[in-house]
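What follows is one structure encoded as structure tokens, with my remarks underneath.
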Amino acid sequence: MIYSMLQDKIDDYKADLNRQYCENFMFEKKELIDRAFFGGKVKSFAELGCVWGVDCAYGLYACEKYDSSKVIMVDAHWTETAKNRCAKYTNIIRIEDNFGNADLPEKIGHVDAVILFDVLLHQVAPDWNRVLQIYAPHTKSFIIYNQQYIASPISVRLLDLGKEEYFKNVPHDPEHPTYTSLFSKMWELNLQHNRIWRDVHHVWQWGITDKDLIATLEQLNFKLEYFCNHGQQGYPSNFEGHSFVFSKA
């Protein structure tokens, strides 16, 4: 009885978060932010790739719940909803740019934390590990939620698996508009992004293993402070949703 009442309260709270921020708001990411920000450890942060599907929901949650002096929200593709939401906060700086550009960390400046939710698996040219490398000198911690690859001991560029295996590993149909030309035009220029189709960040690019992610950040002098495996959560069978907090050693 007590457990049932407690679960009902949790469910009501989750529903309130969905209504307040977005219908796709994930409680696991909210908990990850709370863990990383608890005790005033994060006073400034940058969320990279903050718009798609959530319209800056997680950065806004962190901004509202915690006393953040400097908030940088970065995305290459802004919706009007996301723009209007950020415009309500005087401490939010909105940047419309690809966060993989080598000069962007300097524009952002130093922040206590860099938030990367659901974005590392998309990063190519520069690859996901290079993205971490260029931001490492500009932050004290990385807060990461990513769909991690569990079918191999090493990270895999999914496109290298071939078309059939690729679509076994991504949550999209080959006829999805974003994916229909991916393999037939692999080496052709995508005019919208001014790069070849193979290097377009809109599609799933990587299967990143925990081992490689942790090793990459250890080499950059960051240690793993927190980890949680949230299971498959509707992702393809070779992926699980994992939460990480890395802090500068």
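Nothing in this text is a laboratory measurement; each read-out follows from the coordinates by a stated rule. Being a predicted model, the structure only gives us computed values, none of them experimental. Please note: Cβ atoms are built from the backbone with ideal geometry, for glycine as well, and neighbour counts cover all protein chains shown.
Worth pointing out:
- Extension gain from Trp52 to His172, taking 0.36 nm per residue of separation minus the Cα-Cα distance: 41.6 nm
- Tilt relative to the chain, helix 210-219 - C-alpha long axis, 0 to 90 degrees, to 10: 80 degrees
- Relative to its Kirkwood radius, the Cα radius of gyration of segment 19-162 gives an Rg/Rh of 0.96.
- Loop GluC sites (Glu not before Pro), segment 8-79 (other Cβ atoms within 10 Å of the site Cβ: 16 or fewer; DSSP): Glu23
- Take the Cβ atoms of Glu165 and Ile214, set R0 to 35 Å, and the FRET efficiency comes out at 0.85.
- Acute angle (nearest 10 degrees) that the helix 27-37 long axis makes with the longest principal axis of the chain, alpha-carbon atoms: 70 degrees
- Local electrostatic count at Val74 - Lys and Arg +1, Asp and Glu -1, tallied over other residues with Cβ under 15 Å: -3
- Cα pair distances in the chain, grouped into 10 Å bins until the bin that holds the longest one, percent each: 7, 29, 37, 22, 5, 0, 0
- Going from the fewest other Cβ atoms within 10 Å to the most, the residues Thr79, Thr178, Thr216 appear in the order Thr178, Thr79, Thr216.
- Note on Asp103 and Lys14: their simple-model spin labels are 4.5 nm apart, each label 7 Å out from Cα toward Cβ.
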